[in-house]
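What follows is calculated from the coordinates using simple rules that are stated; it is not laboratory data. Treat the numbers as computed from the prediction; the structure is a model and nothing was measured. No Cβ is skipped: glycine too gets one built from the backbone with ideal geometry, and neighbour counts run over all protein chains shown.
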Amino acid sequence: MKNILVPTDFSIICDKAAHLAIEIATLFDAEIHFLHQIHTPVDWVKLSKTDEPKYPDTQKAIGIAKSKLRSLDKDAENRGLKSRTFLEYISDVKAISEHSHNFHHDFIITGSKGTQEDFSKQFLGSNTQKIIRDIHVPILVVKEDTALFPFKNIIFVSDFKEDMSNAFKQVVQIAEKCNSKIHLLNINTSKDFNNIKNCIAPIREFLTNFPTLKNYEMHVYNESTILKGIETFQKENEVDLVAMYTHNRSGLSNIFSKSIAENITNNSKKPVMTIHL
């Protein structure tokens, strides 16, 4: 984790995400970029300075955005971080993907209240599918519950039927930095319902790839859906971060498809990190 992107609309929940990003960047000694996108009625880049006053509302919004970006930049620099800010005159999910690709970000942190909030509709509501599919770096979404950091309890949700070692390595990296316990969670919704032994076995097999991992627990929950299983686990255990992988490969189980990841991201009250497999 060397270069973190933080898309923000300056809402309360995005401010939470921004300050969590600063904490994470400090822990990893990473560079941090704050990105705000604003829709303008004309091509603002090509607009002359003499014509800008013709659009006072836009001019005011740009001034406020620049001020808030400077504030975030100062907060990051006060922590000794290398920080950059970007104000783009566009509101488009594809533009986020292009920006991230151009600056080689390896981690994205943003905020979303859920499918009812305007910002989430732009970033993780109706367009969640576009973002998660377009951007293949880990995306950590901060939700309405206060994000406790360093994370002490991370759940990694999987059916453990395929090799997701690369995704899990990124979870382990964060856990080691935070001194977190990893809870490996297999949510059983299929034919082996209630067969705990059969569901623990693939977790044990998977862990043979990580012989030095010590601070972990294994769990199997029987629920009708993955989302319900995560909700039940959170009610019964302390959880600071939900981590899961996603894929769009054909021929694989769709339990951890993009649509499931979107649903969990939009409905969880805890921070959710999705990692593209």
Exercise. What ³J(HN,Hα) values, in whole Hz, does the Karplus curve 6.51 cos²θ - 1.76 cosθ + 1.60 give for the stretch 19-24 when θ = phi - 60°, with x put for Gly and Pro?
Worked result: 6, 5, 4, 5, 5, 5
Problem set entry | Using θ = phi - 60° and Karplus 6.51 cos²θ - 1.76 cosθ + 1.60, couplings along the stretch 74-80 (whole Hz; Gly, Pro as x) | 5, 4, 5, 5, 5, 9, x
Seminar exercise, completed: The answer for H183, listing residues at least 5 apart or on another chain whose modeled amide H is closer than 5 Å to its amide H, is I154, I155, F156, E217
Exercise. Under a no-solvent Debye model with one identical scatterer per Cα of the stretch 6-93, what's log10 I(q)/I(0) at q = 0.23 Å⁻¹?
Worked result: -1.08
For this session: With 5 Å bins from zero, work out the P(r) of the chain over every alpha carbon pair and list the percent per bin.
Result: 1, 5, 12, 16, 18, 16, 11, 8, 5, 3, 2, 1, 1, 0, 0
Exercise. Could you give the Stokes-Einstein D for the stretch 153-276 in µm² per second, using the C-alpha Kirkwood radius, 37 °C, 0.692 mPa s?
Worked result: 226 µm²/s
For this session: Please give every one of the lysines within straight-line cross-link reach of K161, meaning a C-alpha to C-alpha distance under 16 Å, and leave out same-chain neighbours fewer than 8 residues apart.
Result: K191, K197
Seminar exercise, completed: In order over the stretch 204-218: 3J(HN,Hα) from phi, Karplus 6.51/-1.76/1.60, θ = phi - 60°, whole Hz, x for each Gly or Pro, gives 4, 5, 4, 5, 5, 7, 10, x, 8, 5, 10, 8, 8, 9, 10
Exercise. Ranked by Cβ crowding within 10 angstrom, fewest neighbours first, how are I196, I275 ordered?
Worked result: I196, I275
Exercise. Taking a 18 Å limit on the Cα-Cα distance, which of the listed pairs K16/K235; K113/K177; K46/K74; K177/K269; K16/K270; K46/K68 fall beyond it?
Worked result: K16/K235; K113/K177; K46/K74; K177/K269; K46/K68
Exercise. Trypsin sites (Lys or Arg not before Pro), restricted to the stretch 16-74: which are DSSP loop and have at most 12 other Cβ atoms within 10 Å?
Worked result: K46, K49
